[in-house]
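**Q** The structure is given below, and queries will be raised subsequently.
What follows is calculated from the coordinates using simple rules that are stated; it is not laboratory data. Bear in mind that the values here come from a model prediction, so they are computed numbers and not experimental data. Note that each Cβ is placed from the backbone with ideal geometry, even for glycine, and that neighbours are counted across all protein chains shown.
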């Protein structure tokens with residue numbers, strides 16, 4: 001079990017502030033680092049990986065410094081976003097070299113295990129230069145896993161992967177998270193984060209914007225209407241009853257469904273079943289229409 | 001030193017266009033020596049003067065530039081150095097290993113061809129040995145100097161070329177004081193000390209030259225290790 005701590009961390013390049021006063025703790029399990037391109041995700045991951053010193057603040061792994069401390073790489077595995085590897089090597093040579101650099105006793109066996117984990121045994125004898133983008137990503141993953149690290153940092157790991165490879169990586173990361181490893185991955189693609197991460201850290205324009213389960217993040221935003229699609233035995237009567245309460249901002253009849261804008265999430269969640277019961281209406285379906293990460297993200301970007 | 005870093009560096013060097021370039025330079029040197037031998041006999045002082053200009057003054061700085069920057073520069077430029085830096089290997093060990101590859105390449109593709117060229121042209125064994133030791137001293141210092149430059153700046157090749165062409169050739173020949181800081185002059189002092197007196201003209205004393213060669217090599221190696229320790233990598237942000 002390992003924990004990474006970022007405390008009041010900022011990083012600027014000349015006049016450009018890439019990361020601005022970010023504090024977060026990354027513990028065991030899967031954490032998704034979400035933000036649009038240029039939000040500072042890669043800069044933050046580089047600082048976590050010890051490739052960039054913070055301009056202000058500290059980055060630690062289990063209390064110890066990460067910057068200028070090559071011993072942290074016994075605990076950390078890194079999958080960088082940049083594609084460049086040693087293209088003249090075969091996949092196997094590359095992963096064996098990684099195992100040797102980690103000083104593992106049986107580098108060959110460790111490399112075989114890592115290549116099997118990412119399902120790259122069949123292509124391991126081919127040169128990395130001939131690999132597809134997705135295959136390069138997987139062999140980088142094997143290289144990062146070869147020493148069985150407690151912490152895995154992945155910068156945009158799904159880039160260039162086809163849907164099948166994506167599912168395989170999602171499954172692999174889930175397994176690693178379930179084993180108690182600390183897994184942090186960055187992405188600007190919302191579905192990836194939504195599918196995978198139990199914990200989400202949102203970074204926008206270098207600033208920490210939100211943290212937690214994505215539904216919790218969404219619920220924190222009480223100043224924005226939450227949309228629901230409701231199908232009931234009598235949508236008109238339900239609409240009138242809901243509008244009588246202050247927690248409902250607007251209702252709209254849309255065919256067989258009722259679209260509701262709730263201004264207060266918690267109050268609306270309590271109100272709806274009570275109103276329906278009092279009015280003798282049966283609720284057939286209640287769906288949060290905008291409870292996807294996309295809407296949370298769009299809202300945070302707007303804000 | 002780390003055997004894996006040695007192997008990775010050697011594979012990258014041998015597989016790249018840089019190795020073709022340095023091989024071509026060695027072939028040109030040997031070819032020139034053969035041509036000179038075919039055209040007529042040269043005296044020992046003429047051979048010394050010829051190789052001083054062709055090998056020590058021209059070939060070695062260019063060779064050091066190509067090999068020294070080539071051991072680490074391309075990895076920093078394309079970002080693949082991240083795979084090496086994300087391993088628990090002390091940074092000075094990475095530098096020592098890469099430098100060893102650069103010096104071995106210098107011996108194989110510049111020092112040995114220089115000695116061979118001298119022998120082909122009819123030089124004595126002692127002059128060939130003196131030129132070999134002198135070119136090894138120059139090559140080793142150039143390698144570490146240009147490797148350090150590749151860690152410090154993305155424009156190492158341009159700055160290195162500027163140093164070789166402007167400082168070593170122009171300033172060194174026009175400003176007497178600048179010769180004290182010329183790697184070529186240090187190497188000439190070593191060659192002069194080993195060759196028959198009068199064959200080579202050096203403008204720096206042997207003690208100063210040896211001190212600067214060893215001191216410069218050790219200091220640049222140490223500094224390269226400490227700079228690699230704090231090397232920051234460009235991010236996509």
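**Q** Taking Cα atoms, how many degrees apart are the long axis of helix B:60-70 and the longest axis of chain B, rounded to 10 and kept between 0 and 90?
**A** Relative to chain B, helix B:60-70 is tipped by roughly 10 degrees.
**Q** Suppose only helical runs count, i.e. DSSP H with n ≥ 4. What mean residue ellipticity at 222 nm does that imply for chain B under -39500 (n - 2.57) per run, divided by all residues and rounded to the nearest 500 deg cm²/dmol? Let's see the in-between values first.
**A** Details: 12 runs with 161 residues, N = 237.
Calculated mean residue ellipticity at 222 nm is -21500 deg cm²/dmol.
**Q** With an 8 Å Cα cut-off and a minimum separation of 6 or more residues, compute the relative contact order for chain B in percent. Please report the intermediate quantities before stating the final value.
**A** Details: 315 pairs, mean separation 63.9, N = 237.
For chain B, the relative contact order is 27 percent.
**Q** Let me ask something additional. Which distance in nm do the two modelled labels at residue B:108 and residue A:252 give, with both placed 7 Å along the Cα-to-Cβ direction?
**A** With each label point 7 Å from Cα toward Cβ, the separation is 7.2 nm.
**Q** Let me ask another. Mind sorting B:43, A:55 by how few other Cβ atoms lie within 10 Å of their own Cβ, fewest first? Write out the running numbers ahead of the final one.
**A** Details: B:43 11, A:55 14.
Result, fewest neighbours first: B:43, A:55.
**Q** Taking each pair of distinct Cα atoms in chain B once, what is the resulting Kirkwood hydrodynamic radius in Å?
**A** So the Kirkwood estimate lands at 18.2 Å.
**Q** In addition: If all Cα-Cα distances of the protein assembly as shown are sorted into 20 Å bins from 0 onward, what percent lands in each bin, rounded to whole numbers?
**A** Histogram of Cα-Cα distances, whole percents per bin: 19, 38, 26, 12, 5, 1.
**Q** Something else about it: Count, for each residue of A:38-45, the Cβ atoms from other chains sitting within 10 Å of its Cβ, then give me the mean as a whole number.
**A** 3
**Q** Let me ask something else. If you take the alpha carbon radius of gyration of chain A and divide it by 2.2 N^0.38 Å, what ratio comes out, to two decimals?
**A** Taking N as the residue count of chain A, the ratio is 1.21.
**Q** I need the shape label for the range B:150-227. Rule: rounded when a/c is under 1.5, else prolate if a/b > b/c, else oblate, with a, b, c from the alpha carbon gyration tensor.
**A** oblate
**Q** Sorting check: for A:37-43, B:48-54, which peptide has the highest mean count of neighbouring beta carbons within 10 Å, and how do the rest follow? If you can, show how the numbers build up before the last one.
**A** Numbers: A:37-43: 22.1, B:48-54: 19.4.
Packing order, densest peptide first, comes out as A:37-43, B:48-54.
**Q** Over all residues in A:143-151, what is the mean tally of Cβ atoms on other chains that come within 10 Å of each residue's Cβ?
**A** Numbers: counts 3, 2, 0, 0, 2, 0, 0, 0, 0.
For this peptide, the per-residue mean of nearby foreign Cβ atoms is 1.
**Q** Cα axis of helix B:3-15 to longest principal axis of chain B: angle in degrees, 0 to 90, nearest 10?
**A** With both axes taken from Cα atoms, the answer is about 60 degrees.
**Q** What order do you get for B:79-89, A:126-136 when each peptide is scored by the mean count of other beta carbon atoms within 10 Å, highest first?
**A** Top to bottom by mean Cβ count within 10 Å: B:79-89, A:126-136.
**Q** Something else: Ignore the peptide's own chain and count Cβ atoms of other chains within 10 Å of each Cβ in A:99-106; give me the average, rounded.
**A** 4
**Q** For chain A, find the longest principal axis of its Cα atoms and tell me its angle to the long axis of helix A:265-278, 0 to 90°, nearest 10.
**A** 40 degrees
**Q** Using alpha carbon centroids, what distance separates the range B:184-237 and the range B:24-50, in Å?
**A** Distance between centres, Cα-based: 27 Å.
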